[in-house]
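Structure record follows, encoded as structure tokens.
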Amino acid sequence: YENKNMVEDAENLNLYAYYQEISKLLIWPIHPSRLDLALNFSVFYNKVLILVIPNLLAQYAFEEAIAELGTLGKKYYKDAAAQGS
């Protein structure tokens with residue numbers, strides 16, 4: 001594994017972690033962009049860093065979104081479902 005790739009992987013890891021934290025602060029758990037970010041971050045961990053445990057990121061994001069859906073009124077639920085399609 002070349003040093004250049006290791007540096008790029010470390011930079012990407014830092015960016016994913018940064019945007020993951022920002023998304024938790026600014027984006028609803030049910031928003032497709034937040035769910036996509038969590039899924040992509042998990043794939044990065046699994047495919048690039050070859051770590052399995054962080055795949056819980058996607059599972060946690062999904063469970064958080066499902067819990068949030070249960071607290072929303074019908075209007076917001078329909079809006080969230082429309083954004084996802």
Of the conditions (1) open to solvent by less than 80 Å² (accessible area, probe 1.4 Å); (2) closer than 25 Å to residue 5 by Cα; (3) modelled with pLDDT of 75 or more, the single one that residue 15 does not satisfy is (1)
The residue that is modelled with the lowest pLDDT, considering only those in the stretch 44-85 that are surrounded by 11 or more Cβ atoms within 10 Å (Cβ to Cβ) and not in a helix (DSSP H, G or I), is 51
Looking across the stretch 28-43 at residues that are more than 18 Å from residue 70 (Cβ to Cβ) and of a type in the set (A, V, I, L, M), the single one that is least open to solvent (accessible area, probe 1.4 Å) is 38
Note on residue 28: of the conditions (1) part of a helix (DSSP H, G or I); (2) modelled with pLDDT of 80 or more, unmet is (1)
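The values are calculated or read from the model by the stated rules, or taken from the named source; none is laboratory data. Bear in mind that the values here come from a model prediction, so they are computed numbers and not experimental data. FYI the Cβ positions are ideal-geometry reconstructions off the backbone, even for glycines, and counts take in every protein chain you see. Just the protein is used for accessible areas: all its heavy atoms, side chains included, with ligands, DNA and RNA removed. Shrake-Rupley method; radii C 1.70, N 1.55, O 1.52, S 1.80 Å.
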